[in-house]
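Below is one structure, written out as structure tokens; the observations come after it.
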Amino acid sequence: MQVIVTKSYDESCQVVAQMFCELIRQKPDCKLGLATGGTPVPMYKKLIEANKAGEVDFSRVRTVNLDEYCGIPATHPQSYRYFMDENLFDHVNIDKANTYVANGLGDAAANAAALEQKVREGGAADLQLLGIGNNGHIAFNEAGDALVAEAHIEQLTESTINANARFFASREEVPTSAITMGMADILAAKKIVLMANGPAKADAIRGLIGDGRITTQNPSTLLKLHPDVVVVIEEELAKAAGWQG
Ligand code: GLP
């Protein structure tokens, strides 16, 4: 695992955006695994700027998103489809037909099977973007006694519902379940980049980069099984997580 410590969150976003731009230039029809949450938003802004400046062309890029809330339609402003359209897809020259965000409504088993198929279609993602939850969850694979390999429906923990309540009008409106890629789906990507910022992530990041232990209580630690993972954090978070370099 490679850990990149930057001077600022903005620099972290620059580093990650650069990785995406380089990949897309090298492989214009690459397959990207994308993530939502507050963390990647400024990084997506940089991709939009690069696209507008003619530095990167999304016309042949394919994307699959990690997860989606259950019980809200794609038109809901907090759905992850809406998020992706608003924060990236509507502002770059991507073909929306080449983007996939799971369906959170209707037959859950069929929706999970459809997500699993998209993960596999055309081979592994060239680059998978990840954020991390305060409890170490990645996508919506929650901390607990067991993790699930393939795409599935996950009941969200109190910690995750509380953390995500800031995006909704009230805590009661936060969906209590989500459809998510499983751990094997994430680990199947050729390369993974995880970005995090802010002190709330310190414990989760300590578990990820502090030692060699793997535990389902911090799902991000399973990334230690992958040969090509890059973690990008700013120095304040690195310090809070006890990173020695
Ligand atoms: C959600 C998403 C995750 C994301 C996490 C952290 O639970 N399913 O993919 O990493 O939130 O989000 P934030 O970046 O807002 O802290």
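Laboratory data are not the source of any read-out in this text; all were calculated from the coordinates shown. In this text the structure is predicted, and so the values were computed from the model without any measurement. Positions of Cβ are backbone-derived with ideal geometry, glycine not excepted, and every protein chain shown enters the neighbour counts.
Before moving on, here are some points about what is shown:
- Computed magnitude of the charge dipole of region 78-176 (debye, nearest 20; Cβ of K, R +1, Cβ of D, E -1): 140
- Packing-based exposure ordering (other Cβ within 10 Å, fewest first) of Thr160, Thr180: Thr160, Thr180
- Here the chain carries DSSP beta bridges of which approximately 30% are antiparallel, counting only pairs with both residues inside.
- Region 68-182, relative contact order in percent, only Cα pairs under 8 angstrom and at least six apart counted: 30
- The listed peptides 58-71, 204-217, ordered by packing as a protection proxy, come out as 58-71, 204-217 (highest mean of other Cβ atoms within 10 Å first).
- Mean separation of Cα contacts under 8 Å, 6 or more apart, over the residue count of the chain: relative contact order %: 25
- Unsatisfied cross-links (Cα-Cα over 23 Å) in the set Lys7/Lys96; Lys27/Lys96; Lys31/Lys201; Lys7/Lys45: Lys7/Lys96; Lys31/Lys201
- Percent RCO, i.e. relative contact order, over region 144-227, from Cα pairs under 8 Å lying at least 6 residues apart: 32
- Residue-span extension gain [Ala124 to His226] - 0.36 nm each, minus C-alpha spacing: 35.4 nm
- Residue with peak Gaussian network fluctuation, the chain [Cα springs, cutoff 10 Å], from Asp126, Asp107, Asp203: Asp107
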